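Enquirer: Handing you a structure now.
Readers should treat all values here as calculations from the given coordinates under stated rules, not as data from a laboratory. The model shown is predicted, which means the values in this text are computed figures rather than measured ones. Virtual Cβ from ideal backbone geometry, glycine too; neighbours counted across all protein chains shown.
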Amino acid sequence: MKNSQKLSGNQKIQQIYNHEEMLEQEEMSKQLKDQLSLILNTSNEQITVKEALEAIKSENLLETHKALIQLRKTLSVLLFQQFNKNFDQAEIFTNELVPLLFYLIQYGSTYIIKLEATQIISIFAGGKSDISRIIFENGILQLALTILQNDNPELSILIMVILGKLAGESIQYRDCILQACDLETIIRKMELKYEATYVWCLANMCIGRPSPKFQLIRPAFNIFMKVIMYEPTPINIKMMNDAIWALGYMLDGEPTRINILIEQGIIKRLMELMHQCNFVSILRIFECIFQGNQEQIRYLLECGFLSQIRNILDPKSREKSGNMIQTFAATETLFKVLSNQNFLISLFRSLSDENSEIRGDALEMIGNAVQHGTNEDVNQMVKNKLIQSVLGMLELAWEREIPSHHLKKGLEILIRILRKGEIRSKDRQNNQYFTVFMQIDAKDVIQKLLSFKQDDVAKYAYIFKQEFTL
């Protein structure tokens with residue numbers, strides 16, 4: 001799975017439990033607890049996989065604790081980079097170490113040993129693909145099922161991190177995990193203090209193409225909708241971004257799933273969050289909606305989609321939208337939405353909409369797109385009947401009340417289209433848009449507008465006539 005299609009697990013390898021608290025719960029002698037406490041506080045030297053393996057094999061309880069703690073700290077400090085670079089030399093030891101760690105997770109003599117061994121596996125997972133393969137082939141799914149059935153919250157969350165990393169690395173791993181693990185059962189075990197990590201893990205199990213079977217991930221779909229409705233605090237926003245990113249994959253343009261989001265108020269909520277949460281992830285959900293039916297597309301427009309995009313595209317607003325514009329400039333997602341044929345058709349239909357606000361936003365968006373877009377962008381819009389749509393709006397001025405500034409904007413768009421084709425009196429035939437105007441016979445509409453009462457409308461109609469008859 002490409003990096004752009006998975007959620008990063010770098011923040012999920014942090015220590016999530018307190019050693020001293022764990023030590024207090026262990027059933028062992030006071031002397032042994034004191035010795036382990038000393039090891040926990042002094043084991044800061046780096047250690048190699050080979051050295052750790054030898055210490056664990058010695059079956060010395062104190063040496064095993066020390067080796068596991070040192071290895072976990074070593075890998076965490078180096079962020080696993082050094083280990084990845086030297087994997088060819090370390091592979092033979094890793095092949096031995098992983099099954100040994102699995103054994104300690106199941107049968108280790110102390111809970112700290114189980115936790116440290118699981119933490120090391122969680123760091124290994126999602127690193128180099130060969131290491132992930134070793135983890136998978138040594139039975140991580142069977143081990144996960146065993147642990148998730150027990151009441152060990154710290155161990156369970158570490159196992160979830162491992163599964164989340166593996167699912168984010170490969171759709172093959174993801175699908176195997178979903179077949180083996182019931183998400184509803186996992187969600188029931190979710191504790192509030194680990195909620196953000198669970199949401200991240202569930203998101204990684206739901207992303208990627210092709211999408212998983214929806215019945216397998218439906219419980220996560222419900223969790224993501226709940227999370228999106230949270231108060232957008234700094235902590236919650238990270239979790240909400242994971243949920244939004246996953247929903248973008250889960251919708252798949254499926255009308256039934258889109259309806260669920262509409263009914264639960266998620267679309268309106270996402271519109272509110274566009275300036276707070278990940279703009280790209282929200283756009284991917286809106287892109288999916290444009291693969292839905294016309295009622296759903298219409299609903300999105302009524303929620304203010306055009307107004308939001310208009311503000312983003314308007315060059316005048318860019319100074320006020322620093323972070324968002326940086327995101328917009330770094331992604332192709334917005335361009336994919338704007339070039340979506342269903343979106344263009346809906347946008348152009350909005351020109352004849354009875355809702356004046358929607359019509360106004362559509363005109364501003366189209367005007368900016370024509371003015372600042374490439375020739376290819378404009379050509380794409382003309383192919384989708386932009387010219388006919390604008391002329392249709394102008395004709396409506398004799399049937400219903402349309403603000404004069406809308407008529408003026410429509411005429412401005414037509415003039416810009418003509419000028420994009422670089423019309424000249426001597427090479428008119430080379431302007432591909434002039435031919436379109438001739439086929440539509442736009443002269444009648446413009447002639448009517450010349451007699452319009454509002455001076456600015458008549459003025460722009462005259463400008464257009466001059467351009468058209470050069």
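Enquirer: Calculate how large, on average over all directions, the projected area of the Cα convex hull of segment 340-470 is; give the answer in nm² to one decimal. Working shown, then result.
Expert: On the way: hull surface 29.2 nm².
Across all orientations, segment 340-470 yields a mean hull projection of 7.3 nm².
Enquirer: Need the list of aspartates and glutamates near Lys193 for cross-linking: C-alpha distance under 17 angstrom, and skip anything on the same chain fewer than eight residues off.
Expert: Candidates past the 8-residue exclusion: Glu21, Asp151, Glu154, Glu231, Asp242.
Enquirer: Still on this structure, I have one more. Need the C-alpha centroid separation for segment 17-37 versus segment 206-281, integer Å.
Expert: 42 Å
Enquirer: If I model a spin label as a point 7 Å beyond the Cα along the Cα-Cβ vector, how far apart are those points for Glu21 and Gln215 in nm?
Expert: With each label placed 7 Å out from Cα toward Cβ, I get 4.0 nm.
Enquirer: Turning to a different aspect of this structure: Which residue, chosen from Ser350, Val390, Pro403, occupies the Cα position most advanced towards the positive end of the dipole of segment 340-470, where the dipole is computed from +1 (Lys, Arg) and -1 (Asp, Glu) charges on Cβ about the Cα centre?
Expert: The one lying farthest along the dipole's positive direction is Val390.
Enquirer: Continuing with this model, one more query. Cross-link partners among aspartates and glutamates for Lys73, C-alpha distance below 13 Å, same-chain residues fewer than 8 apart left out?
Expert: Glu45, Glu116
Enquirer: Excluding residues fewer than 8 places away in the same chain, name every one of the aspartates and glutamates whose C-alpha is closer than 14 Å to that of Lys213.
Expert: Lys213 reaches Asp175, Asp182, Asp252, Glu254.
Enquirer: About the Cα centre of segment 340-470, how large is the charge dipole given +1 on each Lys and Arg Cβ and -1 on each Asp and Glu Cβ? Please answer in debye to the nearest 20. Kindly include the intermediate steps, with their values, before the conclusion.
Expert: On the way: 18 positive and 18 negative charges, 97 e Å.
Computed charge dipole of segment 340-470: roughly 460 debye.
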